[in-house]
Each structure stands twice: as C-alpha cells, then as structure tokens.
C-alpha cells in the first residue's frame, strides 16, 4: 500500500478506536484473581472468547498443560535474639520446605530502571555456606539464587524496597523445563519481606546473632490452562502475519499488569476485524496463561508447538504489557530492536506528539521468540516520567507504568487510566498497521549492524585485544556496505515494484532477521529457549571482555580462547550468510 493510502486508512482506524470495549474488559478482569489454572483465570478466558465470538472474530482456544509453581504461603520465625514472626511471601519455584539457621547479610544494589531489574547486583563475596542469605531485591533474581546455592546457602530472603511485598518468580528456566535444565531450578526455601521488616532483619544480622526459620509452601506441577488466539486474515498475503500478544493471568487482580493490555488487544482485534478487507497481511493475537507462575509458560508452549510456522511466516512479534496506566506520561524506556527503532519512534511521535527513547529489549516479558529471529518491539510502553517517580519516592518496577502497586494486592482498577489506555492502544494499532500494510517492511538492519559494531569494538577494547575479534568486525563492516547499497535502492525507488519483486525484498529482510537477531540476542539454537537471565549483545563474544583480568596463558585463559574461537566461527559464518543474501539480491537488481 502506498504511503498516502496507508495514511488515510490509518486515520480511519485511529478514529474508530474507542475506550468502551477495552474498559469493559478492564472492569470485568478487575474482579478476578487470575492466577494461572485457577477458576478466575478460566472465567477471564471465557469472557475473552465469548466477546471475540460476538465481534465475529475467528479465535482458536488451546488447552495446554503447563508446568507451574503457585505460591501458597511463607513464614519467617525469628528464633533469636528475640522471638517474633515476620510477614513474608515465597516467589514461584521456591522449594517448599523449612530450614533453620544463622542469617548473613549480603549487600545488593537497587535497580535504577526497568532494563536494570534482571541483573544480579550482589556486591560482596561473604561466606554463606550453611547460612540463610539476606539481601535486597524485588524477589531474588535467578542468577543470585543460583550463586548463593552454589556457595552453600540453605535459604534466602529478599528485602523489597517498599511497604508492600511484590510477587515474583525465582527460576531462570524459560517456560516448561527440559531434562537438561530441570535441576537448575531453586533447591532451597526462598522468601520476600517488605522494607521495614527487612531493615530490622538486616540490623540484627549485622550484629551477628540472628537465627530464624523459613517455611514455604507452593503448589508445583502440571496445570491445564486456556490459551486463546484470534486471527484477522490479511486480504493480500494471509500467510504472513504479525504476532501481537500479552498475558491475561495475573498476580491478584492485576489491572495494571495486565488487564489493560488484554483490553488493548481486544480493541485492536475489533478495529482490525472491522477493516479486515483493507488489511493486507494477517494479525494474530494471543492471550497467554502461565506468564507469572510459569516464567512465560504460555508463550513458550505456543512457540514450541508452532515454531516452524513462526520461523517461516511471522513478520514480527509485538508484546503488550501494562499500557495505559496512571501517571504514565512518558515513553522514555521503550523496548525496541534496533531495526524497528525508526518505525516505532516515528509512530509514537505521530500519534502522541511525544518523543520516545529506545532501550535494547531485555530477556524477559514473553520475548520468547528471539532464538527464531523475530524482529520485536514494545513490551512495556508508556511509563511514569522519572522525575515524577522520584518525587513520589517510587522505585523501579517491571510494569504498571511505573506504579509500585505492581505485582501486589494493590494493583486494582485505580492503576488504569482511560485516557492513557486509549492513547496507547492507538500507538499499538498504528505501528501494527504500518507493518501489515507497508509495501516493504519498515525495518532498517543498518541500525542492527551499527549497534553490533559498537558492541564488538567495545568487547575488543575491554579484552585488551587479547582475542582477535577482527574477523567479526570485518564481516560486520562488509555487511554494512552491502546494506547501504540495498537501502539506497529502496530509498531511491529503484527496486522494481512488481508484486514478486516486492515479496523478494521482504524475504530478504525476514532472512536477515532470522540470522542477525539470534546472533545478537541468543545463545541456544533456533527452537530452544535461553534462560531468563540478562543476555548481552552478541552473547557468543562476551567472554572476550573477561580476558583482561586473567593471567596470560594460564589454563583458564586457554579454555576461554578455545571457546571464543568456536563461537567466533558461528558468528562469522552467520554474518557471511547475511552478506551473501544481500549481495545475491543486489545482483538481481543490477
């Protein structure tokens, strides 16, 4: 579709967007505690499916069995210096059981923003063997849990930064476990406490005389859940689709996380379905269970079952979590892969008049499709401005537009904002339309390569040049030259606009993503899932950064150099394949 035609259609769709449908869902979901596999979650899915049917939208309902861990209770009993009880919650996938022991405090720094939430922030190497660890954190991050268990800790307590205790999940296993990773889930009881109780425990632990008991109970095992997937078929290329998705399960009433997103997706389905004859490619919309108690179990199940279809036909994946929340005036931490940056920033500006700041997507929030190589944008969208959050004394959380009621009993209907939800729905809708109906996909992989060059140059510098990253840099530079020629053809309009030529151009863009995105975001294979821990850019090359602190030519360095050599081969080969794809296309245009 030509740009002027697209603009006219976009204006029609934006005028069609209403708050009534999504707000009706928000109000309905605000009465349901949608813990996965619960009756309330099933009621929510039934409401969604019935409403989709009433709107005349095709929907399939799957019923996967997911491996979930549902927290039931945690108790912390101080045994000495003075007996007392401390209110606590266990995270999902804590071990059930009871331990007693001495408490040792291990400092940890606070997260500065959403993108920083998932890093391990331990600042000390205290001896924790045979002890219970006390540290700060929104729950305890899986890396830290594993670190302390390997050091011999018998239990762990996380001090949360506010008066409320936030629900969380303690495993790094992405989705349903496999035989290879099942034993990496926590083996010890874990609990979280609020700041006031945590400060008391910290003070006693520093004195060296704190003894306590942790008792946790969780319901872990296989649970049946409903997974609705709606589809609006494209009128010209129905086989090609965007996957729009978000979770409908919740902690407690979960209005900001994620009833607002569920309502947004329902309204987007309604509007696109009404204009389905004008939509050129297909839109698939999925509502996931198992997000909060299964580490993205619903989206992982879907990826496992339909992985080949996604690899062959999916244009992009778009996550919808926590839009339209109270006080969310800003777009300063929008997760976007580099190739979609211009698309997303321009759309946000056009729809809202506001500037957006891109951050590199973290390994979290149903970004389940990196290994396949899907261009991805959005996760959390609008947020509270940093200055406003600071004035309110808020700390970083992972949703609800920055409201600290996230993952607590207080995430109720007051967290949603009708005006901002309507605005964010329009941002999602316009961005989707610009991909679904663009003649050529609006992805610029020059940005992807430029970002990669910057990271590899930094790794080389940090390594003290003790590993030769030259082959990677040369392939990236060569690819960049070819991409410049490719996009020059696009911008000049010199690529033939016959239907088959346009399709071939788009196939080039998809194939580039299938190569470059896994290299930049994943360690495992195409249909595997990396763990839910921070993944650096070009993770195969990150070990080079660690060489500076290792004595030259000792055994450890030799092992690292050997591993890096193998990983470099994978990267160089992938980049060379990407370059050949572009060169072959350019040859057909000459």
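The values are calculated or read from the model by the stated rules, or taken from the named source; none is laboratory data. Since this is a predicted model, take the numbers as computed values, not measurements. With ideal geometry, Cβ positions are generated from the backbone for all residues, glycine too; neighbour counts draw on all protein chains shown.
Listed values, structure above:
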item: Verdict on residue 515 being closer than 29 Å to residue 310 by Cα, crowded, with 16+ Cβ neighbours inside 10 Å and touching a residue at least 12 places away in the same chain (Cβ under 8 Å); result: yes
item: Of all residues making up the range 346-364, the number that are in a loop (DSSP other than H, G, I, E, B), crowded, with 21+ Cβ neighbours inside 10 Å and without any contact (Cβ under 8 Å) to a residue 60 or more places away in the chain; result: 0
item: Residue in the range 315-333 that is in contact with a helix residue (DSSP H, G or I) (Cβ under 7 Å, 6 or more places away or on another chain), farther than 19 Å from residue 427 by Cβ and either surrounded by fewer than 21 Cβ atoms within 10 Å (Cβ to Cβ) or not assigned by TED's automatic domain parsing to the domain that holds residue 518 (or both) present; result: no
item: Residue match in the range 212-225 (condition: crowded, with 17+ Cβ neighbours inside 10 Å and within 30 Å of residue 267 (Cα to Cα)); result: yes
item: Subset tally (residues that are part of a loop (DSSP other than H, G, I, E, B) and within 16 Å of residue 380 (Cα to Cα)) for the range 250-276; result: 2
item: Residue within the range 445-466 that is under 17 Å from residue 585 (Cα atoms) and either in contact (Cβ under 8 Å) with a residue 24 or more places away in the chain or surrounded by fewer than 16 Cβ atoms within 10 Å (Cβ to Cβ) (or both) present; result: yes
item: Verdict on residue 173 being farther than 17 Å from residue 137 by Cα and either outside the structural domain of residue 105 (by TED's automatic domain parsing) or buried (at least 21 other Cβ atoms within 10 Å of the Cβ) (or both); result: yes
item: Flag for residue 15 being surrounded by fewer than 17 Cβ atoms within 10 Å (Cβ to Cβ) and closer than 22 Å to residue 299 by Cα; result: no
item: Residues that are over 27 Å from the mean Cα position of the chain (by Cα) and crowded, with 19+ Cβ neighbours inside 10 Å, drawn from the range 62-77; result: 74, 76
item: Residue identified as at pLDDT 95 or above, at negative phi and part of a loop (DSSP other than H, G, I, E, B) among 73, 36; result: 36
item: Search result, residues across the range 368-383 that are touching a helix residue (DSSP H, G or I) at 6+ places or on another chain (Cβ under 8 Å), closer than 17 Å to residue 258 by Cβ and not in a strand (DSSP E or B); result: 368, 378, 380, 381, 382
item: Sole exception among (1) farther than 24 Å from residue 36 by Cα; (2) at pLDDT 95 or above; (3) in contact with a helix residue (DSSP H, G or I) (Cβ under 9 Å, 6 or more places away or on another chain) for residue 174, by number; result: (1)
item: Subset of the range 293-308 that is touching a strand residue (DSSP E or B) at 6+ places or on another chain (Cβ under 7 Å) and in a loop (DSSP other than H, G, I, E, B) - its residue that is nearest to residue 250 (Cα to Cα); result: 293
item: Number of positions in the range 534-566 that are closer than 19 Å to residue 455 by Cα and outside any helix (DSSP H, G or I); result: 5
item: Residue that is closer than 22 Å to residue 362 by Cβ and at pLDDT 95 or above, where the choices are 286, 269, 311, 259; result: 286
item: Positions within the range 19-33 being under 18 Å from residue 324 (Cβ atoms) and either assigned to a loop (DSSP other than H, G, I, E, B) or outside the structural domain of residue 268 (by TED's automatic domain parsing) (or both), in sequence order; result: 19, 30
item: Single residue of the range 179-211 satisfying the filter (in contact with a helix residue (DSSP H, G or I) (Cβ under 8 Å, 6 or more places away or on another chain) and assigned to a strand (DSSP E or B)) that is surrounded by the fewest Cβ atoms within 10 Å (Cβ to Cβ); result: 193
item: Single residue of 449, 427, 472 found to be in a helix (DSSP H, G or I), within 18 Å of residue 339 (Cβ to Cβ) and out of contact with any strand residue (DSSP E or B) (no Cβ under 6 Å at 6 or more places or on another chain); result: 449
item: Search result, residues across the range 213-237 that are within 24 Å of the chain's Cα centre (by Cα) and under 19 Å from residue 284 (Cα atoms); result: 226, 227, 228, 229, 230, 231
item: Residue selected from the range 400-421 under the condition part of a loop (DSSP other than H, G, I, E, B) and touching a strand residue (DSSP E or B) at 6+ places or on another chain (Cβ under 8 Å), by the criterion surrounded by the fewest Cβ atoms within 10 Å (Cβ to Cβ); result: 417
